[in-house]
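Here is the structure we will look at, set down as structure tokens.
The values are calculated or read from the model by the stated rules, or taken from the named source; none is laboratory data. Owing to the predicted nature of the structure, the values given are computational and were not obtained by experimental measurement. Reconstructed Cβ throughout: ideal geometry from the backbone, glycine too, with neighbour counts over all protein chains shown.
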Amino acid sequence: MAQTPCMRANRATPLRVRNNEFNHENLQLGINEAHALGKKFYVVVNIAPHNAKLKTFIRDLKPVVEMGPDALIMSDPGLIMLVRENFPDMDIHLSVQANAVNWATVKFWQQMGLTRVILSRELSLDEIAEIRSQVPEMEIEIFVHGALCMAYSGRCLLSGYINKRDPNQGTCTNACRWEYNVQEGKEDDVGNIVHKHEPIPVQNVEPTLGIGAPTDQVFMIEEAKRPGEYMTAFEDEHGTYIMNSKDLRAIAHVERLTQMGVHSLKIEGRTKSHYYCARTAQVYRKAIDDAAAGKPFDASLLDTLENLAHRGYTEGFLRRHTHDDYQNYEHGYSVSERQQFVGEFTGERKGQLAAGGGEKQIFRR
């Protein structure tokens, strides 16, 4: 874990199209800058493409490969095959979107010539350790911090279902974070789920523990900005799931992850501020260095991460918790109780400092 890699998406093939500002010129500058600093630069090509996007894929990717990125992060087997055929010397890392959850899958991709696998977020620490021991020659990378998707490692249909924006084509609208009203429903004589105009009893109900929560209850979910458009939600013995995950924070497990031989820890920060990305990377860098030096875990790092905007924290699937530990039922946006990001200094002019693209004067000497 000696190097901190940079990751950027090829403009046509990422899963964050609205946050992809790299054209070819900027991409080359970024690669050169990373290499000048002794860092790695990975280009993300992890879209799930339909036939139309295959037509120009190799043509579009060729100038990117010629820029000299250290690896491509990919998920689609067909695209991986095309890259192996056309650019045999290009290192490929398996994206988390490929949902690698067992050692046999990791071994398969090793035999296909990939050099690193980014494991699924849905694994426990013990499962990661077993994969590491079963396939010791393959580099392993895991997510340790950032947003968690309520779908299986991002394979979500919710945004496409609600407003025709396909998350697997890079246009996710984070519909899982919106405000929803929940009302009780019922099944009519022909099997349709319809609205039930009666209050929902809430006394002595602890659905996350399976106490007082009937398993045959039906609810109608209404998005706040789409009144009258109802979606059906069913409740099982564990409760009803309303999709808004807390953020992953695994810094307390950095020591064990380094001891088991994980090669890289990944921070999800593609839609975050520069401050968030820099501060989070700084905190995890210290945790890694402390673990490598045999120092005990510094609990003050938890406080530093609390200062950043977040949706509440969870350890995700690394250890098993009660169901309400995973979800934020209060709000769907990131908040910081102690700090606020107000802008980025981009340069200095005589008598003033410039902030942001508009170069607003915010301080006069």
Point to revise | Check on residue 52, hydrophobic (A, V, I, L, M, F, W, C) and in contact with a His (Cβ under 7 Å, 6 or more places away or on another chain) | key: no
Revision key, fill the gap. Out of (1) β-branched (Val, Ile, Thr); (2) out of contact with any His (no Cβ under 9 Å at 6 or more places or on another chain); (3) at pLDDT 90 or above; (4) surrounded by 21 or more Cβ atoms within 10 Å (Cβ to Cβ), the one residue 13 does not meet is (3)
Revision key, fill the gap. Restricting attention to the range 36-77, the residues that are surrounded by fewer than 22 Cβ atoms within 10 Å (Cβ to Cβ), of a type in the set (Val, Ile, Thr) and either under 19 Å from the mean Cα position of the chain (by Cα) or not in a helix (DSSP H, G or I) (or both) number exactly 1
Review point. Looking at the range 100-124, which of its residues are among the aliphatic types (A, V, I, L, M) and over 18 Å from the mean Cα position of the chain (by Cα)?
Key: 104, 106, 112, 114
Check your understanding: Would you say residue 141 is under 21 Å from the mean Cα position of the chain (by Cα), under 17 Å from residue 43 (Cβ atoms) and modelled with pLDDT of 95 or more?
Key -> yes
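Here's the yes/no breakdown for (1) in contact (Cβ under 8 Å) with a residue 24 or more places away in the chain; (2) touching a strand residue (DSSP E or B) at 6+ places or on another chain (Cβ under 6 Å):
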| position | (1), (2) |
| --- | --- |
| 40 | yes, no |
| 51 | no, no |
| 65 | yes, no |
| 71 | yes, yes |
| 86 | yes, no |
| 101 | yes, no |
Review point. Which residues, taken from the range 78-125, are over 23 Å from residue 146 (Cα atoms), hydroxyl-bearing (Ser, Thr, Tyr) and not in a helix (DSSP H, G or I)?
Key: 115
Exercise for review: Kindly list the number of the only condition in (1) closer than 24 Å to residue 171 by Cβ; (2) out of contact with any Ser or Thr (no Cβ under 8 Å at 6 or more places or on another chain) that fails for residue 106.
Suggested key: (1)
Practice item. Working only within the range 130-141, note down all residues that are of a type in the set (A, V, I, L, M) and in contact with a Lys or Arg (Cβ under 8 Å, 6 or more places away or on another chain). Key: 135, 138, 140
Check your understanding: So which residues in the range 288-305 are assigned to a loop (DSSP other than H, G, I, E, B) and either surrounded by 14 or more Cβ atoms within 10 Å (Cβ to Cβ) or touching a residue at least 40 places away in the same chain (Cβ under 8 Å) (or both)?
Key -> 297, 298
